1. What FRET efficiency comes out for residue 122 versus residue 206 if R0 is 45 angstrom and r is the Cβ-Cβ distance? Round to the nearest 0.05.
2. What is the sum of charges, Lys and Arg at +1 and Asp and Glu at -1, for the other residues whose Cβ falls under 12 Å from the Cβ of residue 111?
3. Once phi is turned into ³J(HN,Hα) by the Karplus curve 6.51 cos²θ - 1.76 cosθ + 1.60 with θ = phi - 60°, what whole-Hz value does each residue of the stretch 98-111 show in order, with x for glycine and proline?
4. Where the accessible area of the stretch 309-462 is counted over protein heavy atoms with a 1.4 Å probe, how much of it, in %, is carbon and sulfur?
5. Residue 454: accessible area at probe 1.4 Å, nearest 10 Å²?
6. Keeping every protein chain in place, order 792, 418, 813 by accessible area at 1.4 Å, biggest value first, i.e. largest first.
7. Based on the Cβ-Cβ distance of residue 450 and residue 313, what FRET efficiency does E = 1/(1 + (r/R0)^6) give at R0 = 25 Å, to the nearest 0.05?
8. Compute the accessible area per residue over the stretch 285-357, keeping the other protein chains in place, probe 1.4 Å, unit Å².
Amino acid sequence: MHLKTIIYQVLFFFSFLGITSCAQNYIQKPNKLKLSEGFINPVGFYNPKPTFSWQIPLSDTNKSQTAYQIVVASSPDLLPNSADLWDSKKQQSEQSTWIQYKGKTLSSRQKVYWKVKYWNQNGQASTWSDINTFELGLLNNSDWKAKWTGLDTAKDSIKGVRKFLMHRPQYLRKSFDLPSNIESARLYITSKGIFDVHLNGEDVSDDVLAPGWTPYNKRIETLTYNVTDLLSSGKNAIAVELASGWHSGRISRGKAVYENFASPKILCQLEVTLKDGSKEIIVSDASWRGTTNGPIRLAGLYDGEVYNANLEMPNWTTNTFDDASWKDTEVEAIADSVKLAPKRHETVKTTAVLENVEIVSTTKSSVIFNMKQNMLGVPKVTVPMKKGDTLTIRFSEMLLSDGTFYTKNYRSAKSTDYYIAAKDGVIEYTPKFTFHGFQYIELSGYDNSVKPTTNWVKGLVQHSNFQKNGTFTSSHEKLNQLQSNITWGLRDNLLDIPTDCPQRDERLGWTGDAQVISPTAMYNYKMHAFWTAWLQSMRETQSEHDNGLVPFIIPDVLQNNRASSGWGDACVIIPWDIYNTTGDKTVLEENYEMGKKWVGYYQSKSNNYIPTIHSFRDWLQPYPEKGGKMGNRGDTPGSFVNAAYFAHSAHLVSKIAGVLGNIDDEKKYKNLYKEIALAFENKFFDKNGKYQNKKQTQTAYLLAIYFDLLQPETKIKAQKHLLETIKNADNHLGTGFLGTPILPKVLDDMGEIELMYKILFKETYPSWFYSINQGATTMWERWNSFSKANGYNPQSMNSLNHYAYGAVGQWMYERIAGLSAIEPGYKKLRIAPIPNTEFLNAAAASLNTSYGKASSSWKIENNTFNLDVVIPPNTTAEINIPYNTLDSLLVNGNIFKENSNIKLIDSEKMSIKILAQPGTYNFQTKF
């Protein structure tokens, strides 16, 4: 061998060793950087004091974090070494979520750049993350140079349903000139009403029903759009369609909540930055032009939309349109009493399109389509018409036995759209300023010489644009349908605020419904920003009441100065749920005073710790003793529910105080909770743990046990009485809105998991599968809303799309699939499925935690229990294998042996408990 060849080989060998060494020492950069409640590179952000979060890539050598450094700057060129806004320096901490910004004060419009790096468990530093950004919106009323503008539609309004005044939708526009040196442009916009905005003939966004619904007398949300690419040099035009929406439209019982049903107005500020740094600002003012003589004649959230194509105005959104014949608009100054603030959660969008439609029936003049899924949104219709004819579009959740529409449960909501054709031929129409809850669509008024086809209609599914967060599936078809019904019920009732139903003349933010579903909602969807935004509305509404009252609807359109136990407690329960799901203390800080005031409200209404306030009680409990409306409240007395929730809220406030480090309040509210609990037990239970009431209810025992309101020895006795009430119901549930979500939790804590399986898999009324057997595709308001044998519940309050009873979804994730949190935010997880082979042989759940994806998937086949687990980085997990066969336990195909990643905690009589580090594992044991 030549010397030269030998030298080359030696050099290559040492070079290879160097490359290999570098690869082994290379630590991947952090990813999935997020701001506050999960925002990614937002424009028009609401918070000048955000928190920062990131995730660590999982690898064999990268398990956890020991330190981090965040750098924040006003320019990307300053990162990472010259950060001018904040440099956290290296912080010895494993915390990778909710790091509070502690830099220079940030201001409206400011664009901010940030990076992060971390050090892993071996002290090795990662490379810097990619640059992330956020751009603040207009944070102060003083940032606005615009004025509210619009037409006085109140004087021309017409009487609609229940003689309620309806405003004509407005068409507003403004032409303006711009130079050629445009660098960037931001459109800041909001409305008293709902709007759709266009620039130079192009849609600015695909948002629906913007800006959304807040207590308009306290706060109106604003939106920010990057419109740089929609502008051009020379003549431009901005155009806005404006309708009543929640602000000026018919809501609930038609009371004048906001400014006495004043005419809708737009507030708009277009800021154009030129290349030389100067600005052109175009604002809404008296120079805008408007008309109500456009194609959308009427629009109401409950009643639908009327569209007359004969009044279409071609090119009215473009810069070539002549608006000389339009009217001058009226202006109104911005009031200091109403806060203008950037929207702090996702806008409503069309998130899916249902096209798998079938024709149910046809007559000479009408056709009924089945969307095969109860949904919220609007239709997109493409149908043949003759000039001058009116297409009538009606909606229904289900059909009557004769094939006609069941609309009694829509009550006074007309929920009907109309389209008047301007010419012969195929028309395409999608309503813009309304929404409907429906599964069936009826069309009439089309060209009846043409045979209807299934492509005439599509369903546009609409809700707040949160992302999916978790998945659940199993080997049982009806259990999977239940999961589908739960998730559809959520999507259909999370339209900017959490609503009770999407179809009738209500669609309101009922607090009790929301608090029972919040844990299940957060398993299935990324709800952090959604809930915190609604909680701000709750705080603002409570501020109207000096005594701490939280109304049972938020925003409070009833204005009746009343609260209910189990409903107002949402102000404490939901923040606590969010904290445990995310680990974010900010939500506790924001809502702490609200919770204290609510407990103070209970105190002010109490006699010997028993509050005398209104209560909806265990709403819609099955088999109530009383009929009619009073029967809707169930059989657990209001005084019982009042005292139970008084104690529970006091207890939660104590826990929150502890998390926030407020030792005095922690002790104060814990003592209050104990005093209430003692009074509660003395009043409602005897020494044998029996509820002292002729009518024994499951919910009475569930509340007492779950809220820990009984002495230990009394609690054990009460548990036996609970089991007796369930046995007397033939192992059926007997719970309404308040009892249902805690039924599985109590039975689980008692070790009665087999009983909970039996209750869950019951097929007959009342049960979860009962509605599925009747054809349900969403959760129902009542356990007996409909039956094939007896038809519909006789009460008109009978929503077939109501999420409250979907609260069992939490137990499906946590016990059937076995995925739950031990520490807030899933810093420590529990993987603890308990299968029941009488009903199913496989189940799986996944969840996108703040640290990364976690999952638990099990199946039983060939007498072997298989469990696949994913534990995200920077966490640990306690894994319970439900069969004690340690000698035959395999981990990733090898006999179990303790190492740095897995350690045996306990080998109990019926299970094996293991502590595991981040990673992917397969466990097998004989069944």
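The values are calculated or read from the model by the stated rules, or taken from the named source; none is laboratory data. A quick note: this is a predicted structure, and the numbers were derived from the prediction, not measured. Glycine also receives a Cβ, built like all others from the backbone with ideal geometry; neighbour counts cover every protein chain displayed. SASA here: full protein model, heavy atoms, side chains in, ligands and nucleic acids out. Shrake-Rupley method; radii C 1.70, N 1.55, O 1.52, S 1.80 Å.
1. 0.45
2. In short, +1.
3. Values per residue, Gly and Pro as x: 6, 7, 6, 5, 10, x, 5, 5, 9, 10, 3, 6, 5, 9 Hz.
4. 47
5. Counting only protein heavy atoms, the figure is 70 Å².
6. 418, 792, 813
7. Between residue 450 and residue 313 the formula returns 0.30.
8. With the other protein chains kept in place, the stretch 285-357 gives 45 Å² per residue.
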